[in-house]
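The values are calculated or read from the model by the stated rules, or taken from the named source; none is laboratory data. Everything numeric here is computed off the predicted structure, so don't read it as measured data. Backbone-built Cβ (ideal geometry, glycine too); neighbour counts: all protein chains shown.
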Amino acid sequence: MAAEAPPPSTQKAKLPTPEEFTEVQESAEFGELRRSHRSFAFPLTIGFIVWYLLYVLLSNYAGGFMGAKLVGNINVAFVFGVLQFVSTFLIAWWYSKHAAAKLDPKAEAIKTRMEGGA
Amino acid sequence: MSPAITHVTLAANEASEHRPLIITLFALFVVATLGITVWAGRQTKDAADFYAGGRQFSAFQNGLAVSGDYMSAASFLGIAGAIALFGYDGFLYSIGFLVAWLVALLLVAEPLRNSGRYTMGDVLAYRMRQRPVRTAAGTSTIVVSIFYLLAQMAGAGVLVSLLLGITSDAGKILIVALVGVLMIVYVSIGGMKGTTWVQMVKAVLLIGGTILITFLVLLKFNFNISDLLGKAAENSGKGDAFLEPGLQYGADNLTKLDFLSLGIALVLGTAGLPHILIRFYTVPNAKAARKSVNWAIGIIGGFYLMTIALGFGAAALISQEEIIESNPSGNTAAPLLALHIGGVDSAWGAILLATISAVAFATILAVVAGLTLASSSSFAHDIYANVIRKGKATEKEEMRAARWATVLIGIVSIALGALARDLNVAGLVALAFAVAASANLPTILYSLFWKRFTTQGALWSIYGGLIVAVGLVLFSPVVSGDPKAMFPDVDFAWFPLKNPGIISIPFGFLMGWLGTVLSKEEPDAKKYAELEVRSLTGTGAH
C-alpha cells in the first residue's frame, strides 16, 4: 500500500547553494541535458499541435474530403480522428523511451553529485 | 402529448420504480468513499499528507487517480450528448481532451514535480517576487476551478431530474447542496490522500460502466462499427451529414471560427489545469510523474475511444426528440442509452440506468472533490500562508485555512450550480480549459523555459489571460442573448464566439512577453539557475 512505502531519500538530501546551482547550470554536462530535452520535446510539441490543427482545419474547411467514404460508413474524418488517438499513444511511448535512455541517466548523475555535496 | 414526452416520462417512471436500487447504489458509493476518507484523514498528519497525499502513491495509482480527476461529467455526459446530437462534431472534444495530454507529458509534468511543492503557484512564483505572483496564481486557480465546478454541478442537477423525476428548483438545489456538503467532507477530512483514493475508485467504476455499455452497444451491431454509424446517421434524420464535420459548427464562417477556438482551447488547456497539476505531487519523483501521465493517456484514451460507441449508440437507438426533450444539450444521452440498451420496459433496462447514473454521480462527486482540493490548497498555501502571513504561518494554521477555504468554496459552487443547468457540460468545461490555457499555461511555460521572464511578465500574462478569457465569456452567447444561455432573457452578448480561446490564449502569451520586455527589473539569474537545474534533474525536490 502506498502509505507504507519507505520515505524517499530526497527528504534527507541537502540543498545545494545558489552558487552551486549557477555553476551546474553553466556546465557542459547540464547544457547537454537541456539540449537533449529541448531538441526532442520542442519540435515534437510543435509537430503534434500542427498535426492536430490540420485535423481541426480540415474538419472546418475541407468537408468534402473529410466526408469521403472509405469502407462502408467509415469516412476520412472518422479515420483521421482515430489516427489522432494512435499518434498520441505513439508520441507518449516515444518520448518515454527517449527520456529513459537520454535524460534520466544524465539527470540522475547531476542530482547525485549535487546532493552528495561533492 | 408527443411520443417523446411519453418516453421521457416513462424513463422517469421506470427509474422511480427502481428508486430503492438507485438510492442503494448511490449510498454504497457514498458510504465506501466516506470510509476511505475517514481512514485517510487519520493518516493525514502534516501538510505534505494533506496537500500531496504524502507523495507515496505509485505511478499506476496516480495514473488512475489522474484519469479519475480528468474524466468528469463533461467527458461522460457531455461528450456522449454532443455526439448524440451533433454526430462527428461532438467527437472533437474526445480528440482534443486526449491530445492535450502530450503538452503535459512533454513540457510540464516532470519539471513541475521537480520544482514545486504543493501548488501550481509554487512553480509560477519560484523565481519571482512571491506575494504578487502567488496572489495571481491563487486567483486564477480558483477561477478556473469554479468554472469547472459549475459544469459538474450542472451535470448533477441534470442527472437528478432524470432519475428521481425531480424538476422543481428546490429539489435540484437540495441535490446540488448534498453534493456540496459531501465534497466539503471528503476534502477537509481526507485531504489529498482521501481524494486520491476516491478518484481511483471512481475511475474503476467509470471505466467498468463504460466498457459494459460499449460492449452491449457493439453487441447489438455485431461489432460492426460501420453498421453502428450507419444506423446513427439514419436514426438522427440527418443522414451522412451526421458522420461528417460541420453539423454543429459548419453553418458559417463564424461558427467555423468557434470550432477552431474550441479546438485550440482543448489542446492547450489540460497542462494549465491546477487540479490536474497538483496530482503530480502525489508521486515520489519526476520519473513516476511521467509514468503516471502515460498510464493516464492509456486509460483516458481508451475511455474516449468508447465515447464513439456511447454517442453514436445513443443516436442510433434513441430518437433525437427524446434526447432533446430529456435535456436540451444532450447531457442525459448516456443514461438514456443505458435504459434503451437494456429495454425501456424491462427491469434490466432500469438496473442499467441506475448503474450508469450512479457511476455518473460518482464521477461528479470525485471531480468536484479534486477541484475543491486544488482551490483550497492554493488559497491556503499561496494566498494565506505566503501572502497574508508572509510565510510565517505554521503547518497547522495553513491546514486549518485550507479546511475553511474548502467550506467557503463548497458554498460558492452550490450557489452557482443552479445557474448553468441547460448548458452542455462539455461546453462549460471547455470554458475552464480556455481560461486555464490563457492564464496559466503561458506563465508555466515562460517560467520554466524562458530565462528573461520577469515578475511583471508573469503578472501581465496571468491577469491578462484571465481577464480577457473570463470577460469574453461574460459577453458571449453562453451567458446571455441565447435561448440556452445562463440568462436567456437578457442580451448583452457582443462577442460572437462561445469559446474565447482563439483570442484569449494568444493574448496571454503576448502579455507575458510584453510584460517581460517592458519590465524595468532584471530577471533573477540565480533563481533561474536554481529552477532550471531543479526542474530538469530533480535536485532538492520535495
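Being under 22 Å from the mean Cα position of the chain (by Cα), assigned to a helix (DSSP H, G or I), at the interface with chain B (Cβ under 9 Å from one of its Cβ atoms) and within 17 Å of residue B:266 (Cβ to Cβ), is that true of even one residue in segment A:66-81?
The answer is yes; a qualifying residue exists.
For every residue, the table says whether it meets (1) closer than 28 Å to residue B:101 by Cα; (2) crowded, with 21+ Cβ neighbours inside 10 Å.
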site	(1), (2)
B:428	yes, yes
B:444	yes, yes
B:467	yes, no
B:475	no, no
B:505	yes, yes
| field | The listed residue being under 18 Å from residue B:29 (Cβ atoms) and assigned to a helix (DSSP H, G or I), out of B:202, B:193, B:231 | value | B:202
| message | For a quick check of your reading of the model, give me the residue pairs whose first member lies in segment A:57-72 and is over 19 Å from residue B:95 (Cα atoms), whose second is among the aromatic types (Phe, Trp, Tyr), with beta-carbon atoms closer than 9 Å and at least 6 apart or on different chains. | response | A:70/A:78
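Just checking, which of B:508, B:540 is more than 14 Å from chain A (Cβ to nearest Cβ) and within 32 Å of the chain's Cα centre (by Cα)?
Details: B:540 fails: more than 14 Å from chain A (Cβ to nearest Cβ).
Result: B:508 is the single residue among B:508, B:540 that is more than 14 Å from chain A (Cβ to nearest Cβ) and within 32 Å of the chain's Cα centre (by Cα).
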| field | Residue in segment B:81-91 that is within 16 Å of residue B:270 (Cα to Cα), surrounded by 24 or more Cβ atoms within 10 Å (Cβ to Cβ) and either within 14 Å of another protein chain (Cβ to nearest Cβ) or at pLDDT below 95 (or both) present | value | no
| field | Meets criteria (of a type outside the set (D, E, K, R) and in contact (Cβ under 8 Å) with a residue 60 or more places away in the chain) for residue A:40 | value | yes
| request: Considering only segment B:56-79, state which residues are farther than 20 Å from residue B:368 by Cα and in contact with a Ser or Thr (Cβ under 6 Å, 6 or more places away or on another chain). | output: B:57, B:59
| task | Looking at (1) crowded, with 22+ Cβ neighbours inside 10 Å; (2) within 14 Å of another protein chain (Cβ to nearest Cβ), find the lone condition where residue B:209 falls short. | result | (2)
| note | Those helices (runs of 4 or more DSSP H) completely within segment B:274-380 that have 2 or more residues that are within 14 Å of another protein chain (Cβ to nearest Cβ) and either surrounded by fewer than 24 Cβ atoms within 10 Å (Cβ to Cβ) or not hydroxyl-bearing (Ser, Thr, Tyr) (or both) are B:286-317
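Please determine, by comparing only the residues of segment B:239-254 that are part of a helix (DSSP H, G or I) and out of contact with any Leu (no Cβ under 9 Å at 6 or more places or on another chain), which one is nearest to the other protein chains (Cβ to nearest Cβ).
So in segment B:239-254, the residues part of a helix (DSSP H, G or I) come out as B:239-243, B:253-254.
Filter once more, so that each one left must be out of contact with any Leu (no Cβ under 9 Å at 6 or more places or on another chain): B:239-240, B:253.
Working: B:239: 11, B:240: 7, B:253: 9 Å.
By that ranking, first place goes to B:240.
Restricting attention to segment B:29-85, which residues are outside any helix (DSSP H, G or I) and under 30 Å from residue B:329 (Cβ atoms)? Can you show your working first?
First pass over segment B:29-85, keeping only residues outside any helix (DSSP H, G or I): B:44-46, B:56-58, B:71-72.
B:71, B:72 - these are the residues of segment B:29-85 that are outside any helix (DSSP H, G or I) and under 30 Å from residue B:329 (Cβ atoms).
Kindly indicate whether residue B:149 is under 28 Å from residue B:295 (Cα atoms), at pLDDT 95 or above and not small (Gly, Ala, Ser).
Details: under 28 Å from residue B:295 (Cα atoms): yes; at pLDDT 95 or above: no; not small (Gly, Ala, Ser): yes.
So residue B:149 fails the test.
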| Just one of A:91, A:110 is farther than 28 Å from residue B:542 by Cα, aliphatic (A, V, I, L, M) and facing chain B (nearest Cβ under 7 Å); which is it? | A:91
| said: It is to be established whether one or more residues within segment A:3-18 are of a type in the set (D, E, K, R) and at pLDDT 95 or above. | reply: no
| Any idea which of (1) in contact with a Leu (Cβ under 7 Å, 6 or more places away or on another chain); (2) more than 14 Å from chain A (Cβ to nearest Cβ); (3) of a type in the set (A, V, I, L, M, F, W, C); (4) closer than 15 Å to residue B:137 by Cα is the one residue B:503 doesn't satisfy? | (4)
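Could you grab me the full set of residues in segment B:113-132 that are crowded, with 24+ Cβ neighbours inside 10 Å and either touching a Phe, Trp or Tyr at 6+ places or on another chain (Cβ under 9 Å) or over 23 Å from residue B:463 (Cβ atoms) (or both)?
Here is the first cut: in segment B:113-132, the ones crowded, with 24+ Cβ neighbours inside 10 Å are B:113-116, B:119-121, B:123-125, B:127-128.
Across segment B:113-132, the qualifying residues are B:113, B:114, B:115, B:116, B:119, B:127, B:128.
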